[in-house]
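The values are calculated or read from the model by the stated rules, or taken from the named source; none is laboratory data. Everything numeric here is computed off the predicted structure, so don't read it as measured data. Cβ coordinates were reconstructed from backbone atoms using ideal geometry, including for glycine residues, and neighbour counts include every protein chain displayed. Keep in mind that these areas ignore ligands, DNA and RNA; they rest on the heavy atoms of the full protein, side chains included. Shrake-Rupley method; radii C 1.70, N 1.55, O 1.52, S 1.80 Å.
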Amino acid sequence: MQGDQGDRSRLVVELIIPRLKNTLFLTGVSALVAIPLALLLGISAALYRNSVYDRSATGFSLVTVSSPEFFTGYIFILLLATLFPVFPTIANVNEDTSLIDRFYLTALPVFTLTLVTMGHMMRMTRSAIINILSSEYIEMAKLSGATRYEVIVKHALPNAWAPIAQVITINLAYMLIGSVVVEFVFNYQGIGRLMVGSVYNRDIPVVQACALIFASTYVILNLLADLIGIISNPRLLYPK
Amino acid sequence: MSDNTQSYSAKSEVSNINKRRTRFERIKIAFSKAPLSAWFGMVVLSIYLIAAFFAPFIAPHGEAEVFPVAYAPWGGEHLLGTDQIGRDILSRLIFASRNTLGICFLACTIALIIGTIFGIIAAIDRSYIDQILSRSIDTLMAIPVMIFTFILLSVFGPSNLNLILILGVLESTRFFRISRSVAVGQVVLEYVEVAKLRGEKLSYIIFREILPNIASPLIVEFGVRFIFIIFTVSSLSFLGLGIQPPAADWAAMVRENAILIQYAQYDITAGLTPLIPAAIIALLALAINFVIDWYLYITSGLKDDIK
Amino acid sequence: MTSNNKKELLLEMKNIHIDGFSDERWHKILKGVDLNLYRGEILGLIGESGAGKSTMGKAAMGYTQPGCKIIKGEIIFNGTDLAKLTEFEKRKIWGTKISYVAQSAAASFNPAHRLMDQTISAANRAKISPTDVLRRDAVQLYESLQLPDAENIGERYPHQVSGGQLQRIMTAMAMSPRPELIIFDEPTTALDVTTQVEVLSAMRSIVDKFNTAAIYITHDLAVVAQMADRIKVLRYGEEVEESETREMLSNPKEEYTKSLWSVRSLIKPEETNDDYMLSIKNIDAAYGSSKVLHDVSVNIPRGKTVAIVGESGSGKSTTARVITGLLPQTKGEIIFDGKKLSPKLEQRSKEELRRIQIIFQMPDTAMNPKQTVDEIIGRPIEFYHGVKGKERETKVIELLKMIELDETFLDRLPSELSGGQKQRICIARALAANPDLIICDEVTSALDQIVQEGILKLLQKLQKNLGVTYIFITHDIATVKAISDEIVVMYQGKVIEQGLKSKILNPPHPDYTELLLSSVPEMDPDWLTNLLNKRSN
C-alpha cells in the first residue's frame, strides 16, 4: 500500500509539473504585458482626471471588467482565428514547442488574459493615485511651488508604492484564477484545464494538488504585497 | 442670513449646513441629475428583471422543449436558431435569466446577511470574538473563491442548492471584511457610545444605530459581489460544474454552442450564436457597474468633476 | 492707518469674490473683500467658521481649493496680478516669494520624506543657494525656532516628532527661501495652550527677525492680538471692520466684534457644599497596558458644576469614561448618590444609567446622522420612561422649547442643523433621560465664540431650573471661569489640585497650574511679551 501511495503521488507530480510550467508561461507573459500597460494607463488617467482621455480609458476598462473571460476569448477567436485566421483557435503546446511558436500559439490566450485583468488593474491604480493626490501634503507641495512632475514623482509616487503593489498582487491572483477559464476556451494544457478535468473524473488527489498550488501562490502574492507595503512605508520602517 | 448680531437666536443660527430636503426630494434630485450611463444601466437591469419574472409568458417556447432540427439557423420559427439538441435558443436565453439571476441573488443575499451580522458583531466586540472570526475569515480568504468552490463541489457533488450555499458562505467573507471595517469606524463614534451608555441591547445597536450608517458601502459591495458571483457561477457553468441541466444557463449555452464559431466564415450568425449569451452576461455586469458608479458618486459626496 | 501709507505696499487684494460648490449648488464664500498688506507687516485675519478667512488667505497666493473659483477681483502682489497668472507662472512665486503654513502639520508633511529634505525643498528648487548652505541655514532656523536637537531633527520622518515641533518645522520650511510673505492658516489651533505659547513666540520672533510680511489667520482674538499689527474681522464672506490691533482691542466699533469678546465676560458666582453627588476614590485606569490614570480622586457636590481642566493626555476625558463605565477602572471605586457603582457598564442598572448622562465634544459624531431630531430626543424618553406616541411627541417638543428651539426641528437630520443647534439637540437628548448628573466633555470647544456663549448660558439656566449637577471637562480656562463652582486640575493622569474656583485661579499655585494658567492668551497685545520676559527671569 505504501508503495502504491508513493507511486500515485509521483504520478500526480509528473502530471502536474509540465502543466504548471504552461500555466506559469501563460500568466507570466500576460502579466508582463498587462502590468506596465495598466499602471501607465491608470496613472495617466488619474493625472488627467476627467479629461476625454480619462473618460474613454475608464469607460473602456469598465467594458473589459464587465466581460467574462470566455466572452473576450471567443470574440478573439471569432475575429482573429475564424474571420481573419491570423492565429490558431487552439493553443496546442507541448514540451517540444519552441519559444517562438509558444508565443505565437498562446497569443490569443495572452490577449484575453491581459485584457480581462488590465481593466481592473487600471481602475484600481487610478483610484489609488487619485486618493493620494487629494491628500493635504500634496496641496502643501503645490503651494510650495512644486512642479507637476515633482508633485507626482517626488510627492505622490513614494506613497503610492504600497497601494500599487497591492493592486498588482490582487490582479496577479485574479489572473491565476482567470487562467482556468482561458485555458478551457483555448484548450491549453495548463493546470486549470487539468483541475477541471480532474473534478469531472472526481480525481480528488489531483484536484487537491492543483488547489494547493493555486492557494499557495495566492498566499505568497498577498505576502509579497504586505512586504512591499512595509518597505515603502517609513512609519513602519523607522519607529518613533 | 441675519445681520442683526445683537439678538442672537439659536433657531436662526446659520452656518455651512445642508439645505433641508425630504427623502423624496433627495431621490428626485439624484434622478434628475443621473448621467446617461446610469439611465442605461437602470433600463437594462429592468429588462433583465422583467425577463426573469415573466419568462414563461415572454419566451416563445418551453425551457427544455426539443425540436427536430438541431443547430437550426436564425430566423423563421426559431428567431435565434436551435442548439445542439434542437432547443430554441431565444427561449433558453430568457429562461436562463431566471436561473442565473435567481441563484446568484440568493447566494449573494445569504452572503450579505451572514457576513454583515458577524462583521458588525466583530466590530462592536473587538475582543476574542473578533479575533476568532477575523482569523478564520483570513484563512478562508487565503484560498481563491473559485478554486474553493471547485473543491467543495467535487466533495459535495454539483447541485444548484450546493452551489448557492457554498457561494453564500464563501462570499460572506467579503461582506464580513467590509462591514467590519466600516463598522469599526462607526462604533468608535460617540453616537454608538451614547446608545451603549443608554443601556440599549446589542440588536438595537446593530440594526438601528450602525446598519443605517454603513448601508451605502454595503449596497455597493452587494453590487460588486453580485457581479463577481455571476462571473463565478458563469465560469463554473462554462466549465460544466455550475448550474445543472436541464436548467438553462447563459455560460453553459456558450460552451454548448461554441463549436458554431468555426462556421462564422460561412454564416456570421452561426458564429455569433455562442457569443450572444456571453454578451448578455457582459451587458448585465456593465449595467450593474454603471449603476454602482452612479450610486457611489451620489453617496460618497465625491463631487470630483466640478472644477 | 495713515502711518501705513508711507510704507511700501506688498499685497493689494481688491474686491475679491470667490464661489464654492457644495450640496449641489454654488455658494458665495467671499463677497467682495479688500485687503492691503505692507512690507514687514503682520495682518490678523479673524472670523468664525464659514467666514471665508481661510479661503481669503489662500486667495492671497492666487490659489483656490478644488471646488472653489475666483469670480472676480485683483490680487496684486509686488505689482503683478496673481489672478491673471497661469499655474506655471504662479509656481515660481509659490514657495519662494509667498509661503504657506497650514493648520494640520501632521497631514501636511509628506510621510515618505525626511523633514530636512522637505524644509529646504522650495529653496532648493529655486536654486537660491547650494544645498549644503540651505541645510546649514535650516539648522539655524530650527535653532532660532527653539527646536530640540536642531542639528539632527531634520533627519527624522514626520511621524517621529510631536505636533508642536512639526508646526515649528513647517514655519522653518516656510522661512527657508526667505519669502516676502507668509500665510499662517490657524497654525496653533490644534495645539495645547502650553505648546501654543512656545510656537507663537518662536513664530513671532522669526518673522520679526527677517522682517517678513505675514497674514495670520485664526478664530482666536487673544492669539491674533499677540501676533498682528493690524486686524481685519470677516463674517459671512464680508469685512466687518479693520483697524490697528490696540485700537481694535480697546475700542471695537461693530457690535459683532464686541460680541466676540462676550464669553469672557460671563462669570458665575461660586458655591459649593459637602453633599456629594459623585465621589471618585483612588481610581487607576489603563488602555491596554498603558496606564493613563493614577490614583485619581474627585468629589462632585450636588447641584454644582465641577470643571476638570487639563491639556491633551492629562486624563480628563478618561476620567469621564471611567465614570460612565465605558472604561472600567483597574483600582478604586465610584460612589454615586451614596451607592457604589459597578465598574462595568453592563452591570449597571437601567436606572443608574439614566441618572448619569454625557454630552460630547463633537455634536456631529454624537448624533446618528440617519436619525431625525424626533428620533434622537424621543428614544431616551421611550427607553427610560416608556412614553410613546402623542405623549412622547409632546415631551420632545417641550424639550426642544427648553433648549430654545421649536417643533419645526422635529423632522430634521443632523446634517440640516448648524453646529450650535446640534449641540443643543445633544443637550436635549441628555435632559430627556431626566438625569441627576451630566458630564460635559469639551462641549463648547468645537463651536464658534458667539455660539459657545449661548450654550454656556443655556447650561447655567438648566442647572438653575432643574438642579442638575455638571462635570465640565475642558481645556479652556475662559469657559471654566464662566461656568464652574469648583475646579480640578489634571496633568499626566494625576490630579494636581481640586478646590473652589477662586482658590485655584488665584495664587499661590502649584508649578503646573501656574504654567497652565499663564499660558492662556489674554486680550492684551503685550501679554506674550510680558509673559516671555517674566519666564526668562
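A compact table of results
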quantity	calculated
Output for the range B:57-76, where each listed residue is open to solvent by 70 Å² or more (accessible area, probe 1.4 Å) and of a type outside the set (A, V, I, L, M, F, W, C)	B:Pro60, B:Glu65, B:Pro68, B:Tyr71, B:Pro73, B:Gly76
Among (1) assigned to a helix (DSSP H, G or I); (2) within 18 Å of the chain's Cα centre (by Cα); (3) within 12 Å of another protein chain (Cβ to nearest Cβ), the one test that A:Ala81 misses	(2)
Residues satisfying the stated conditions in the range C:87-136, i.e. of a type in the set (Ser, Thr, Tyr) and within 12 Å of chain A (Cβ to nearest Cβ)	C:Thr96, C:Ser99, C:Tyr100, C:Ser104, C:Ser108, C:Thr119, C:Ser121
Matching residues in the range C:306-323 - criterion: being open to solvent by 10 Å² or more (accessible area, probe 1.4 Å) and part of a helix (DSSP H, G or I)	C:Lys316, C:Ser317, C:Thr318, C:Arg321
Index of the failed condition, C:Met173 passing every other in (1) out of contact with any helix residue (DSSP H, G or I) (no Cβ under 6 Å at 6 or more places or on another chain); (2) of a type in the set (A, V, I, L, M, F, W, C); (3) buried (at least 20 other Cβ atoms within 10 Å of the Cβ)	(1)
The range B:138-152 - residue that is at the interface with chain A (Cβ under 7 Å from one of its Cβ atoms) and in a helix (DSSP H, G or I) and, of those, farthest from A:Ser179 (Cα to Cα)	B:Ile151
Any pair with Cβ under 8 angstrom, 6 or more apart, that starts in the range C:184-195 at a residue that is open to solvent by 10 Å² or more (accessible area, probe 1.4 Å) and at pLDDT 85 or above and ends at one that is basic (Lys, Arg) and part of a loop (DSSP other than H, G, I, E, B)	none
Scan of the range A:168-195 for residues that are open to solvent by less than 20 Å² (accessible area, probe 1.4 Å), in contact (Cβ under 8 Å) with a residue 60 or more places away in the chain and in a helix (DSSP H, G or I), ordered by number	A:Asn171, A:Met175, A:Leu176, A:Gly178, A:Ser179, A:Val181, A:Val182, A:Glu183, A:Val185, A:Ile191, A:Gly192, A:Leu194
Strands (runs of 3 or more DSSP E) within the range C:329-437 that include 2 or more residues away from chain B (no Cβ under 11 Å) and in contact (Cβ under 8 Å) with a residue 40 or more places away in the chain	C:331-336
Contacts under 7 angstrom Cβ, first residue in the range B:243-270 being within 8 Å of another protein chain (Cβ to nearest Cβ), partner open to solvent by 30 Å² or more (accessible area, probe 1.4 Å), 6 or more apart	B:Ala264/A:Leu83; B:Gln265/A:Leu83
Every residue from the range B:271-307 that is at the interface with chain A (Cβ under 8 Å from one of its Cβ atoms) and modelled with pLDDT under 80	B:Asp304, B:Asp305, B:Lys307
Residue within the range A:220-236 that is among the hydroxyl-bearing types (Ser, Thr, Tyr) and either closer than 26 Å to A:Pro88 by Cα or surrounded by 20 or more Cβ atoms within 10 Å (Cβ to Cβ) (or both) present	no
Wholly within the range C:1-115, helices (runs of 4 or more DSSP H) carrying at least 3 residues that are within 26 Å of the chain's Cα centre (by Cα)	C:53-59, C:105-108
Selection from the range B:224-242 of residues that are of a type in the set (Gly, Ala, Ser), within 11 Å of chain A (Cβ to nearest Cβ) and either assigned to a helix (DSSP H, G or I) or on the phi < 0 side of the Ramachandran plot (or both)	B:Ser234, B:Ser235, B:Ser237
Candidate set: the range B:119-132, residues that are surrounded by fewer than 18 Cβ atoms within 10 Å (Cβ to Cβ) and hydrophobic (A, V, I, L, M, F, W, C); chosen: the one farthest from B:Glu171 (Cα to Cα)	B:Ile129
Pick from the range B:193-203, criterion open to solvent by 30 Å² or more (accessible area, probe 1.4 Å) and part of a helix (DSSP H, G or I), ranking: nearest to the other protein chains (Cβ to nearest Cβ)	B:Lys196
Boolean, C:Glu382 is in the same structural domain as C:Gly303 (by TED's automatic domain parsing), open to solvent by 10 Å² or more (accessible area, probe 1.4 Å) and more than 24 Å from B:Lys196 (Cα to Cα)	no
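Let's see how each residue does on (1) in contact (Cβ under 8 Å) with a residue 60 or more places away in the chain; (2) over 30 Å from C:Phe109 (Cα atoms); (3) among the basic types (Lys, Arg); (4) open to solvent by 10 Å² or more (accessible area, probe 1.4 Å):
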position	(1), (2), (3), (4)
A:Leu47	yes, no, no, yes
A:Ser67	no, yes, no, yes
A:Thr89	yes, yes, no, yes
A:Arg102	yes, yes, yes, yes
A:Thr117	yes, yes, no, no
A:Ser135	no, no, no, yes
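For every residue, the table says whether it meets (1) crowded, with 19+ Cβ neighbours inside 10 Å; (2) closer than 30 Å to C:Glu48 by Cβ; (3) free of Cβ contacts under 8 Å to residues at least 12 places away in the same chain; (4) in the same structural domain as C:His475 (by TED's automatic domain parsing).
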site	(1), (2), (3), (4)
C:Arg114	no, no, no, no
C:Ile120	yes, no, no, no
C:Ala126	no, no, no, no
C:Ser129	no, no, yes, no
C:Arg135	no, no, no, no
C:Ala138	yes, no, no, no
C:Ile169	yes, yes, no, no
C:Ile217	yes, yes, no, no
